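Colleague: Got a structure for you, written out below as structure tokens; questions coming shortly.
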Amino acid sequence: WGEWQEVRDWAVTNGYSDLAGVGTGSGAQHPVKDVSWYDAVKWCNARSEKEGLPPVYRVSGATYKTGQSEPTADSSATGYRLPNDAEWEWATRGGVSSQGFTYSGSNDVSAAGWYALNSGDGTKVVGLKVANELGLYDMSGNVWEWCEDQYSPTARRFRGGSWRNADPRACLVRNRDYFIASNRSDSVGFRLARNLGS
């Protein structure tokens, strides 16, 4: 949430007017929430620009900064973006070091992540549960995470489950769902990815 606010404030003064006042968080080290898919990809572009990296998402050849157009992703750009569904699953399973856990980093949902039965009705500081084999935290539970993949003309894929889910199966590494891309929810956030430079 703290990182979101820092980039968002820079973004609003640099042409990303749609991001003004967008997003919420329960504390600086908690995940951001209440962001739509469109908000997330604009924020990715803003962070890229802020750090001098080429933005990934474009509309009609220009950097995607406002509106709810369907952007194209420049596969050669090394800026920040959302992971696609396959990348997200590879990462949550632990990549080449995977030990085949049911949840990200453990076979015990309570050890791996925050869901309705252990969350106390809200997000938690990131990194309090076990890391997975790649050293990644909170890929099971805490907040659902947007992926780049389109599910339907109006919906995008998201993964990971959240603090709201009473059924731990929502947090399984193999579980996937979708959400309307323009919607915001207090149980949906995102995670960043980048392409390697040549």
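The values are calculated or read from the model by the stated rules, or taken from the named source; none is laboratory data. Only a predicted model underlies this, so the values are computations on that prediction, with no experimental measurement involved. Don't worry about glycine lacking a Cβ; one is built from the backbone with ideal geometry, like all the others, and counts go over all protein chains shown. With ligands, DNA and RNA removed, areas are computed over all heavy atoms of the protein, side chains included. Shrake-Rupley method; radii C 1.70, N 1.55, O 1.52, S 1.80 Å.
Results for (1) assigned to a helix (DSSP H, G or I); (2) of a type in the set (Gly, Ala, Ser); (3) within 13 Å of the chain's Cα centre (by Cα), shown as yes or no for each residue.
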site: Arg47; (1), (2), (3): yes, no, no
site: Gly52; (1), (2), (3): no, yes, no
site: Lys65; (1), (2), (3): no, no, no
site: Gln68; (1), (2), (3): no, no, no
site: Ser75; (1), (2), (3): no, yes, no
site: Thr78; (1), (2), (3): no, no, no
site: Trp88; (1), (2), (3): yes, no, yes
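Colleague: OK, next. Counting just the residues of region 114-165 that are touching an Asp or Glu at 6+ places or on another chain (Cβ under 6 Å) and assigned to a loop (DSSP other than H, G, I, E, B), which one comes out surrounded by the most Cβ atoms within 10 Å (Cβ to Cβ)?
Modeller: Among residues in region 114-165 that are touching an Asp or Glu at 6+ places or on another chain (Cβ under 6 Å) and assigned to a loop (DSSP other than H, G, I, E, B), the one surrounded by the most Cβ atoms within 10 Å (Cβ to Cβ) is Gly160.
Colleague: Another question, then. For region 55-75, give me the residue count where each residue is in contact with a Phe, Trp or Tyr (Cβ under 8 Å, 6 or more places away or on another chain), open to solvent by 10 Å² or more (accessible area, probe 1.4 Å) and among the hydroxyl-bearing types (Ser, Thr, Tyr).
Modeller: Qualifying residue count for the region: 3.
Colleague: For residues that are among the acidic types (Asp, Glu) and touching a residue at least 40 places away in the same chain (Cβ under 8 Å), scanning just region 24-67, find the one that is nearest to Gly161 (Cα to Cα). Don't jump to the end; show me each part of the working.
Modeller: Going residue by residue through region 24-67, those that are among the acidic types (Asp, Glu) are 34, 39, 49, 51.
With the extra rule that they be touching a residue at least 40 places away in the same chain (Cβ under 8 Å), the set shrinks to 34, 39.
Numbers: Asp34: 15, Asp39: 20 Å.
Top of the filtered list is Asp34.
Colleague: Restricting to region 167-198, and then to whatever is at pLDDT below 95 and of a type outside the set (A, V, I, L, M), can you tell me which residue is most open to solvent (accessible area, probe 1.4 Å)?
Modeller: Among residues in region 167-198 that are at pLDDT below 95 and of a type outside the set (A, V, I, L, M), the one most open to solvent (accessible area, probe 1.4 Å) is Ser198.
Colleague: Right, here's the next one. Can you tell me which residue within region 1-54, out of those that are within 20 Å of Gly127 (Cα to Cα) and among the β-branched types (Val, Ile, Thr), is least open to solvent (accessible area, probe 1.4 Å)?
Modeller: Residue satisfying both the conditions and the ranking: Val32.
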